[in-house]
């Protein structure tokens, strides 16, 4: 009995370490949203340089996710959790101490590499440690911290920018990482360690493919050229994975129809979700004339609801089914997008407030089952690679959402029209996501239920 209690405590500590690691990678994205004005003023950044502060992070974050997942599969979660955590924290600390544009862009890029390895490693640690109902509960917590991380980052970033300094949001990661590293040394294991060689060709091609695609979506001056190059890199990557005996992204991951549907749904869901995170704070500041901190406070009720719904999502899934809850969550976020587009013209916070809550609830209900389906029935020896694929689809979805947002708002100067256009875009993306879920995920679930009968 005592041994069981010790094991339970150890599992809780492992989950806490993994969740905090995942939380930090999302937190810094939100912190930057509300600290950009002060940051640009202090470092005398041009608009182009300021965009590269975020671009450098996004490019390397997305580009190293597949590699990060595979390295954990091969050489141990513990090793690469600690390495990526220290890399992320070092980059974050250096960002907070930066004094010019080249310095902050360089260290944001390093921070992105650490985040790209850390994020899939955290999810793989969870899927390796827990099974059955414990896994569903842990994934619910994971979805909660991922969902809340951006909003908490926005609130914390607004507070730092208004009352302390934007630098605090980055510097604070260093002591947190040190504490987590000490705990990780004691509780994590390297059960996944294997004496095999890394697929360096596949690794290089995957990074080139993902970075070029992300750059194309995020602001390339020659998008046709970079998209063409990205397509060539992707084709070469797929061919290399078919030919090698030890692929870094085992294509068997995509043989499961539900899993593929979840990947596509996650990409479209993330594309729509990032529009909410990115444009709602801006709308409050530019149309309602709120400060960054007050705008962040306006999003706290949504964040709180999102967190608590995510905690209960596992029980809701047990009652109604994974794919059904996923569909309801996507529909609620769709309703939120439509409502925000319709009522934005009334220029009053209380008219959009109910739809921010609808978004929070829907986001939590959709994210948990999407994560569960994406990681369902994954063999333990490739769980890191599967985690990398899932997290990569989410990051590319976010890049896609921001890029499309720029397209639909180009030439528009009205704050209200900009907001309405991006919310309509989000609604369209969500409809596409709902259709994919109904076709690939829900239909498969119904067939399995009929087979059981």
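Derivation of every value follows stated rules applied to the coordinates shown; laboratory data play no part. Everything quoted here is computed from the prediction, not taken from an experiment. Cβ atoms come from the backbone with ideal geometry, glycine included; neighbour counts cover every protein chain shown.
Things to note:
- Three-way shape call for the stretch 220-356 based on the alpha-carbon gyration tensor, with the a/c threshold at 1.5: oblate
- In this structure, residue 406 and residue 137 have a Cβ-Cβ separation that, at R0 = 45 Å, corresponds to a calculated FRET efficiency of about 0.70.
- Per residue convex hull volume, Cα atoms of the stretch 199-244, in Å³: 45
- Prolate/oblate/rounded label for the chain (Cα gyration tensor, a/c 1.5): rounded
- Mean Cβ neighbour count within 10 Å, used as a protection proxy, ranking 79-92, 285-298 highest first: 79-92, 285-298
- The stretch 65-155 shape via C-alpha gyration tensor axes, a/c threshold 1.5: oblate
- MRE, 222 nm, helices only [DSSP H, n ≥ 4, -39500 (n - 2.57), over the chain, to nearest 500]: -29000 deg cm²/dmol
- Taking the chain and dividing mean pair separation by its residue count, relative contact order in percent (alpha carbons under 8 Å, at least six apart): 23
- The stretch 80-107 and the stretch 301-349 have Cα centres spaced 34 Å apart.
- Label-point gap, in nm, between residue 417 and residue 198 - each point 7 angstrom along Cα→Cβ: 5.0
- Inter-label distance for residue 288 and residue 335, nm, one decimal - labels placed 7 Å from Cα along Cα-to-Cβ: 2.1
- Modelled FRET efficiency - R0 22 Å, residue 311 with residue 377, Cβ distances, 0.05 increments: 0.35
- Taking each residue as 0.36 nm, the span from residue 238 to residue 348 lengthens on full extension beyond its C-alpha to C-alpha distance by 34.6 nm.
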